[in-house]
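Encoded as structure tokens, the structure appears first; notes follow it.
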Amino acid sequence: MAELEDLSDYLIAPDPAARRLTRSVTGLDQDGLSQQINVVEERPLTIYLNGQEIVTAMTIGDYPEYLALGFLRNQGMLRISDEITGVDYDEELEVVVVRTARKTDYEDKMRRKTRTSGCAVGTVFGDMMEGLEGTVLPATPVRTSWLYSLSSKINRTPSLYLTAGAIHGTVLCCADRPLVYMEDVGRHNAVDKIAGWMLSEGVQADDKILYTTGRLTSEMVIKTALMGIPVLASRSGFTAWGVEIAQQVGLTLIGRMKGRRFMCLAGEERLLRDADPAAIAEEPRRSGRKGAE
């Protein structure tokens, strides 16, 4: 595939309808000198489903409808088969209301919550493993040339992280091409925005790769599997349960992906090694993005 000249042709830009996503603040540096920097905004968004308040999420404020749909979908409170009759966002009240044609069966889930290891403390309602029984993701082959290409392209894509830091990014990819880039203060929020976009647009998942700047925890693996995406990659490291679940559902799990390096801990047999690592440039030490080892 030819090198892309303008990645913005394939990425969702910051929501033009969103309020300011960053603000400029002034402080003193280590030398006592005045410095002005940009910091990301953080505001609450309350999600309702058919008149029932579900959760209040802390978010940067863009794409609230996608975040609400994706959160409900990944919590098992909203199915692909559900007929969505409305998604209404009230900016003043900071509320999104999702309505479906039939009553949903989320009441039992509301009685049990799990605080996950997601940054900003993620929340899972009900049994974290619910919906994964019998799940086997498609054995989609992954070319190592795609991984190197994606890492390079995503690393140089304009983003809020490069502007202000303190934020995670998630990218939905097709082969070596980024399709949709979402960011938020919590990596689970960014993933939910991707899920909401896929649900809204009817995008198939079985040939996609999900890339995240966050750790490959059980929550991230479960959400990826529930979305039906067969490959999950990250700049960051793994947790043992995340690896175990990935092996269970047939998810190809690739972490510590920087420059010519990566580590695959699940689905190794699906890797097609069509690129020589020695021919790949190392990532500069002062790279624009970081990941937890």
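The values are calculated or read from the model by the stated rules, or taken from the named source; none is laboratory data. A quick note: this is a predicted structure, and the numbers were derived from the prediction, not measured. Counting neighbours? That spans all protein chains shown, and the Cβs are built from the backbone with ideal geometry, glycine included.
Taken together, the residues in region 134-166 that are of a type in the set (D, E, K, R), more than 23 Å from Glu269 (Cα to Cα) and out of contact with any Pro (no Cβ under 8 Å at 6 or more places or on another chain) amount to 1. If you go through region 231-255 and pick out every residue that is outside any helix (DSSP H, G or I), surrounded by fewer than 20 Cβ atoms within 10 Å (Cβ to Cβ) and touching a Ser or Thr at 6+ places or on another chain (Cβ under 7 Å), you end up with 1.
Where helices (runs of 4 or more DSSP H) fall entirely within region 127-206, those with at least 2 residues that are closer than 19 Å to Ala57 by Cβ and modelled with pLDDT of 85 or more are at 187-201. As for region 215-230, it holds at least one residue that is among the hydroxyl-bearing types (Ser, Thr, Tyr) and more than 16 Å from Leu67 (Cα to Cα). Quick check on my filter: what residues within region 207-220 are in a loop (DSSP other than H, G, I, E, B) and either of a type in the set (Gly, Ala, Ser) or surrounded by fewer than 20 Cβ atoms within 10 Å (Cβ to Cβ) (or both)? Once the filter is applied, which keeps residues that are in a loop (DSSP other than H, G, I, E, B) and either of a type in the set (Gly, Ala, Ser) or surrounded by fewer than 20 Cβ atoms within 10 Å (Cβ to Cβ) (or both), region 207-220 yields Asp207, Gly214. Please go through region 44-74 and give me each residue that is surrounded by 13 or more Cβ atoms within 10 Å (Cβ to Cβ) and among the charged types (D, E, K, R), ordered by number. Within region 44-74, Asp62, Glu65, Arg73 qualify. The residue that is nearest to Ala240 (Cα to Cα), counting only those in region 186-206 that are β-branched (Val, Ile, Thr) and surrounded by 22 or more Cβ atoms within 10 Å (Cβ to Cβ), is Val191. Residues in region 132-172 that are of a type in the set (D, E, K, R) and more than 16 Å from Val221 (Cα to Cα): Arg143, Lys153, Arg156.
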